[in-house]
Structures are given as C-alpha cells and as structure tokens.
1. Using only Cα atoms, tell me the angle between helix 173-182 and the longest principal axis of the chain; keep it within 0 to 90° and round to the nearest 10.
2. For residue 142, enumerate residues with amide H under 5 Å from its amide H, sequence gap 5+ or separate chain, H modeled in the peptide plane.
3. Using only Cα atoms, tell me the angle between helix 23-50 and the longest principal axis of the chain; keep it within 0 to 90° and round to the nearest 10.
4. For the chain, state the average projected area of the convex hull of the C-alpha atoms over all orientations, rounded to one decimal in nm².
5. Given a Förster radius of 30 Å and the C-beta distance between residue 46 and residue 80 as r, what FRET efficiency does 1/(1 + (r/R0)^6) yield to the nearest 0.05?
6. Relative contact order of the chain, please, whole-number percent, based on alpha carbon pairs below 8 angstrom and at least 6 residues apart.
7. How far is the Cα center of segment 36-84 from the Cα center of segment 100-133, in Å?
8. How much FRET efficiency would the formula 1/(1 + (r/R0)^6) give for residue 33 and residue 66, where r is the Cβ-Cβ distance and R0 is 22 Å, rounded to 0.05?
Amino acid sequence: MPKKLFPSQLESETVYLVVREHWVSLVLKTLVWVFFAAALVLFNRFAATYLPGILEGVWGTVTGLFVQVYTLFLALALFLIFVFYYLNVQIITNIRIVDITQTGLFSHTISELHIDKMEDATSNTNGIFGTIFNYGDVYIQTAGTVERFEFQNVPDPAGIEKLILDLYEKNSNFAKEGLEEEK
C-alpha cells in the first residue's frame with residue numbers, strides 16, 4: 001500500500017506533483033541567518049579587544065547570558081527555517097489540490113480544494129532572482145470559504161499553473177459537457 005501524503009488521501013487518487021518552496025528562497029533565509037551568526041562570531045572575536053570592560057564583573061555575567069541566549073535563538077531559528085521549508089507543502093492530485101501550511105512548531109493547517117471547484121489559476125514571477133531561477137507564486141481562485149490558494153516561491157509557477165488548468169479541463173463538468181456536445 002502506498003504511503004499517504006495527507007490524511008484524507010484516497011487510494012485511487014494519483015499524486016501529480018508535490019511542491020515546496022524553491023531552494024533559492026531557502027538559501028536567502030539561510031543567508032540572513034548567517035549574517036546574525038557572523039555578528040555573534042565577530043562579537044566573540046573582538047569584544048575582549050575593543051570592549052574589555054564588558055566581559056568583567058557584573059557586565060561580564062550579563063554579557064555571557066546575552067551571548068548564550070542569542071546562541072540559543074540562532075539554533076532555534078536555523079531549526080525553524082528547515083522545519084517550515086520541509087513541512088510547508090502543496091500537493092496536486094487528479095482530484096484536488098492540498099495546501100499544508102506549518103504555522104508554528106505545533107500548529108499546521110491543511111486546506112483542500114477539489115479541482116472542479118476552482119475558478120481560475122494565475123502564476124506570477126517577480127524580480128531578478130525569480131526570473132533567473134524560475135520561481136514565483138501561483139494563485140488559485142475559488143468560490144469557497146478560502147477564496148484564494150497561494151503557493152508562494154514555488155519552482156516553475158507557469159508549469160504548475162498549466163498542470164492545474166489541464167487537470168481542471170480533464171475533470172470539470174464543463175469539460176465533460178463539452179465532450180458530450182461534440183458527440
């Protein structure tokens with residue numbers, strides 16, 4: 001029996017695409033983290049030379065506590081960058097589109113949209129990095145409670161949009177009615 005990617009996945013359902021953020025987005029977030037880690041390394045390297053009083057006495061204790069808390073937050077931030085990258089996923093099947101969004105360490109949201117209930121799909125590529133590395137956003141318009149599904153910073157947004165529209169044409173009542181009229 002194949003592994004289920006989301007709780008309500010049917011056995012007859014075919015998964016066409018599993019999408020996460022583009023790797024460039026992950027690299028940009030990691031570069032911001034590296035900047036803050038470099039600030040800690042530079043402080044540890046040059047604080048004793050240029051600020052000798054800050055590491056002695058009461059100020060030394062406070063500074064040591066600050067450095068340890070800062071290091072703990074750096075480790076937590078790197079962990080969260082990876083967790084959110086790995087667990088935020090969009091799944092496109094022959095029946096529906098599933099958006100799994102991790103909103104915190106212990107909180108996530110699963111939204112589902114049946115292909116035949118969608119109204120429109122739009123892709124958007126912005127900026128020089130988006131154009132060079134071919135990533136952007138895909139928006140799916142619905143008439144339901146969630147008016148718009150957003151896939152942010154996904155690779156090949158135009159290809160994902162085309163896949164979704166092709167699946168819509170294949171599965172929608174509109175397409176089925178058009179085929180019946182041709183007969």
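1. The two axes meet at around 30 degrees.
2. 119, 148, 149
3. With rounding to tens, the tilt is 0 degrees.
4. In nm², the orientation-averaged hull projection of the chain is 15.8.
5. Values: r = 28 Å, r/R0 = 0.95.
Result of the calculation: an efficiency of 0.60.
6. Details: 222 pairs, mean separation 35.3, N = 183.
Reported relative contact order: 19 percent.
7. 36 Å
8. On the way: r = 18 Å, r/R0 = 0.84.
Taking R0 as 22 Å, the efficiency between residue 33 and residue 66 is 0.75.
Laboratory data are not the source of any read-out in this text; all were calculated from the coordinates shown. Given the structure is predicted, the values throughout are model-derived calculations rather than measurements. In this analysis, Cβ positions are derived from the backbone assuming ideal geometry, glycine residues included, and neighbour counts consider all displayed protein chains.
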